[in-house]
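Visitor: Structure below; questions to follow.
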Amino acid sequence: MISNYLVIALRNLIRHKLYSFINIASLAVGLACAIFIILFIRDEISYDKWIPDSQHLFRVEATLVHPGQAPVHFTTSPFPVPAAMLAQIPGVKAMTRLTPERMTIIVGEHQFSERVAVVDPNFFQVIKLPLLQGDPRRVFNQTESVVLSEAMAIKYFGDKNIVGKSINIGGTTCDVDGGNCKATQHPLIVTGLLRDLPHNTQLSIDVVLPNTSSVDRLSQADKEAWNFFNGFGYVSIAPGSDIDAVLTKLNALIDRSADPKKLAIGNTKASKVMIMHLNPFQDDHLTTDRYGSMTPNGSWTTIYGFAAVGCLILLAACFNYTNLATARASLRAREISLRKTSGATRTQLIVQFFGESLFSSLLSVVFALMLVELLLAIFDGFLEKPIQFSDFSDWRLIFAILAIALVAGIVGGAYPALVLSNMKPVMGLRSNTSGQWGSGILRTSLVVLQFAVSIGLGISAATVFAQISFARNVNLGFNRDNVIIVNGADMASNARETFAKILQKNPAIVDVAMSNTVPFDGLIMNTDVHHRSGDPGEFFQSIVVGPSFPTLYGIHLLAGRFISRSHGGDEFKRPGQPYNVLINAAAARRLGYTPEEAVGKSFILHTTQVTIVGVLSDIDMDGPKLPPKGTLYRFVPANSSTFSVRVRPDQLNQALSYIDQTWKTFAPTIAIRRQFLNDTFDKEFKADERQGSIFVIFVGITVFIACLGLFGLAAFTAGRRTKEIGIRKTFGASTGDIIWMLLSQFSVPVLIANAIAWPIAWFYLHDWLQGFAYRITLSPLYFLGAGTVALIIAWATVFAHALRVANANPINALRYE
């Protein structure tokens, strides 16, 4: 009996090749998409779960809440906090800290600029990363030691047998006054080899050294500061401890230890301004609202979005499968009647139809797995991460896909198995009723849902790319083109101004400006401002700039003058001595002045009186996602460690070569760090562009699935209406009339799909656009365009069948039965 069912199923697949291909292909594509999305989601939620005992680890994080400003969320915390928690809070059983620092590593004649993890000596005991060589308890017993990853071992030495070898840290040493600086090389002994960490970790660690080493850049004063968020703090909480109780005690600890004056909050409790959090270590990757992570954060919003789109695609594929299966089964009424007349029971028919449907759906699984294997490398390249998939080790995923396919097969076979099998034989044997069984409402509803998904994703894709294009070209208030950023933090402070002057002598370089930060850097400090001493005050951004900073970036002067070296009062010399500053228009408004009124006004900056000598136009230092903030520009040469170098675009290579050569003269043991400002700007949109590309891919897939289904339904409908069309042509209907009749039949579901998709897409996109300070309006053109394209695609899909049937000879149509 089973072999008979299998033979019948194979015969039906072979006999109706087109329908078989459409049914199996559409479900296979949908299942393949589901597999890819599940792989992505599984990878995102797997971060750091492979680290032993990490379920008890928490990252200590801080949120700054200053009056008049939005809260600033940090992934970091003050250096003393974790140690104080261990000493004073029951339930905290271990702690460790990590401070990322940029250093130059010298091996032989080669220099490498690396991000180094400076950690407590117990780091590998608390965060149990895999060491291939070295004991986690003893690896940092020597203060001048270092642990390298496998990748760094190969990079520096060409092999992994590195314990006992040495590397050098390049630097400069200067007198207390910053003069008499000399290039230095400090040796470190390799005491351990770290296995290369997988990509699914928040930790970016390749070079690790203890914070007891003399090469640690963090000063003792910074290590004792409670107002300086200089690194990552991790604590291990005893199982069963109440996290809320630990946080309560942590807030009390902050109030006892942090100096409110240093936090610039007057008499307010420190815990009200510096709000501490304990974030589970395994959840850190998906914490998106905090600044300063070592690796790019994930997002629960992205995961939910992927899951939703994956479900939509899978539903579209399942709808398609069910639709075509139902349509084809409705033409088998005569076969069912003959089988029942020959003695077949209803149970046998039910088993036959369910078996055929399940057989097709299981074939789809096979082809889906083949698609995944073929496209996995492309998928990995698109996400820029190596996501693994194995047919054998991923048996849970395979079972999940099989379950989905089985459900699709059961639903697809339900109508013929449960409804048609109950049909009276006489109904199916009537010549004019063999093709009339079937639920037109069901098929139309499924087509509507398919196109609603396609239209909604199409609107989303158009909006995302329009917003990205708009944001890329919005006027940020400054000129970012042809600007090279050179980080001079490791250069001797007394040599930086000389370095800048020498760069300006090269004809390929237009101008050089010094500052402590640059646009899109994200490292802008806040400072408290008071109209008079004793006022509660409010907070402004504070940027240290040189006199040429505004002119290099093309920032307009609205009132007053620029700061200048020729005005001695413009330069900050020592705390408490009054000096002059520039402010932007947003700061003037917050102070209650127009730009012209602000010039000459004085206020208290922290504890020092300053005078406004000029007002600059607003610029978006943080990019187009955030509006301009009230900003102060101060001239503090000692704190200006970043160079902005504007070059002539036609002499770019000469300028880069000159910058590199000049750098080696001033800092021979320090590897230069430079990048184009536009490259930093482009990174701002990388995630959004990837999201837009994902939408485009998903739109293409859903449209492909919908068109496959529509193509099959068009052929089915044309076949069922052959006699009707013949009669219409006999009574004078033209070819155009027939084509329009068939096209209009499939236009109605697309129009209904628009009515469903438009409000849902508007709700989602309106919320997404709120994340941009400068944003497009949701133009009706995006909605009309997506709807029109969907309608045109539907017409193009149906047109071939409509034309064929409309041109057929009416005599052949009237002989159809």
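Visitor: I want to make sure I understand the PRE zone here: with the label point 7 angstrom from the Cα of LYS625 toward its beta carbon, which residues in region 662-685 have backbone N atoms less than 13 Å away?
Guide: Under cut-off, by backbone N: 681-685.
Visitor: Starting from the Cα gyration tensor of region 562-610, take the square roots of the eigenvalues, sort them a ≥ b ≥ c, and report rounded, prolate or oblate (rounded when a/c is under 1.5, otherwise prolate if a/b is larger than b/c, else oblate). List each step's numbers first, then the result.
Guide: Numbers: a/c = 2.64, a/b = 1.47, b/c = 1.80.
The shape class here is oblate.
Visitor: How far, in nm, would the chain grow between ARG674 and ARG195 when pulled straight, counting 0.36 nm per residue and subtracting the alpha carbon separation? Intermediate values should be presented prior to the final figure.
Guide: Details: separation 479, 0.36 × 479 = 172.44 nm, distance 2.96 nm.
Full-extension gain reported as 169.5 nm.
Visitor: May I pose another question? Would you mind checking the pairs LYS17/LYS340; LYS17/LYS385; LYS223/LYS501; LYS182/LYS505; LYS128/LYS223 and listing those with alpha carbons more than 28 angstrom apart?
Guide: Details: LYS17/LYS340 26 Å; LYS17/LYS385 39 Å; LYS223/LYS501 35 Å; LYS182/LYS505 25 Å; LYS128/LYS223 24 Å.
Beyond 28 Å between Cα atoms: LYS17/LYS385; LYS223/LYS501.
Visitor: Which residues among region 192-216 fall inside the zone where the amide N is under 14 Å from a point 7 Å beyond the Cα of ALA489, along Cα→Cβ?
Guide: 216
Visitor: What figure in square angstrom, to the nearest 10, would you give for the accessible area of ARG115 with a 1.4 Å probe?
Guide: Near enough 90 Å² of accessible area.
Visitor: How would you order 572-583, 607-618 from highest to lowest mean count of nearby Cβ atoms within 10 Å?
Guide: Details: 572-583: 16.7, 607-618: 19.3.
Ranking, from highest mean packing down: 607-618, 572-583.
Visitor: Still on this structure, please answer the following. Separation between the ARG589 and SER257 pseudo-spin-labels, each 7 Å from Cα along Cα→Cβ, expressed in nm?
Guide: According to this spin-label approximation, the distance is 4.1 nm.
Visitor: Same structure again: Roughly how many nanometres apart are two label points built 7 Å out from the Cα toward the Cβ at GLN125 and LEU656?
Guide: In this crude label model, GLN125 to LEU656 measures out at 4.8 nm.
Visitor: What is the sum of charges, Lys and Arg at +1 and Asp and Glu at -1, for the other residues whose Cβ falls under 12 Å from the Cβ of PHE112?
Guide: On the way: positive: ARG102, ARG115, LYS155, ARG673; negative: GLU109, GLU114, ASP206.
Neighbourhood net charge equals +1.
Visitor: While we're here: May I ask you to derive the FRET efficiency for ASP244 and ASP135 from their Cβ-Cβ distance with R0 = 35 Å, giving the value to the nearest 0.05? Could the numbers behind the result be given before it?
Guide: Numbers: r = 37 Å, r/R0 = 1.06.
It comes to 0.40.
Visitor: Under a Cβ-Cβ cut-off of 14 Å, what is the net charge of the residues other than ASP481 that fall near it, where Lys and Arg count +1 and Asp and Glu count -1? The partial results should precede the final answer.
Guide: Details: positive: ARG472, ARG480, ARG646, ARG648; negative: ASP511, ASP650, ASP679, ASP682.
Net charge around ASP481: 0.
Visitor: Another question, if that's okay. Quick one: if the Förster radius is 51 Å, what FRET efficiency do VAL72 and GLU335 give, using the C-beta to C-beta distance and rounding to 0.05? It would help to have the intermediate numbers written out before the result.
Guide: On the way: r = 71 Å, r/R0 = 1.39.
Once the sixth-power term is evaluated, E becomes 0.10.
Visitor: If you take every residue apart from ARG590 with its C-beta less than 11 Å away from the C-beta of ARG590, what net charge results, scoring Lys and Arg +1 and Asp and Glu -1? Intermediate values should be presented prior to the final figure.
Guide: Values: positive: ARG589, LYS629; negative: GLU538.
Local charge sum for ARG590: +1.
Visitor: Which aspartates and glutamates have a Cα less than 20 Å from the Cα of LYS269, not counting those fewer than 8 places away in the same chain?
Guide: By straight Cα distance, LYS269 reaches GLU61, GLU224, ASP244, ASP255, ASP259, ASP528, ASP535, GLU538.
Visitor: Based on the mean of other Cβ atoms within 10 Å per residue, sort peptides 30-38, 749-757 so the most packed one is first.
Guide: Values: 30-38: 24.6, 749-757: 19.9.
Put in order of decreasing packing, that is 30-38, 749-757.
Visitor: Quick check on region 479-630: take the gyration tensor over C-alpha atoms, sort the square-rooted eigenvalues as a ≥ b ≥ c, and tell me if it's rounded (a/c under 1.5), prolate or oblate. Write down the numbers at each step before the final one.
Guide: Details: a/c = 1.74, a/b = 1.46, b/c = 1.19.
Verdict is prolate for region 479-630.
Visitor: Something else now. Can you list residues whose amide H is under 5 Å from GLN202's amide H, if they're 5+ apart or on another chain and H is modeled 1.01 Å from N?
Guide: So GLN202 has HN proximity to ASP48.
Visitor: Right, next: Provide the FRET efficiency to the nearest 0.05 for the GLN220-ASN479 pair, computing r from the beta carbons and using R0 = 45 Å. If you can, show how the numbers build up before the last one.
Guide: Working: r = 42 Å, r/R0 = 0.93.
It comes out at approximately 0.60.
The values are calculated or read from the model by the stated rules, or taken from the named source; none is laboratory data. Please read these numbers as outputs of a predicted model, since none were measured by experiment. Note that we place each Cβ from the backbone using ideal geometry, even for glycine, and neighbour counts take in every protein chain shown. Each accessible area value is taken on the protein alone, full model and side chains, heavy atoms only, with ligands, DNA and RNA left out. Shrake-Rupley method; radii C 1.70, N 1.55, O 1.52, S 1.80 Å.
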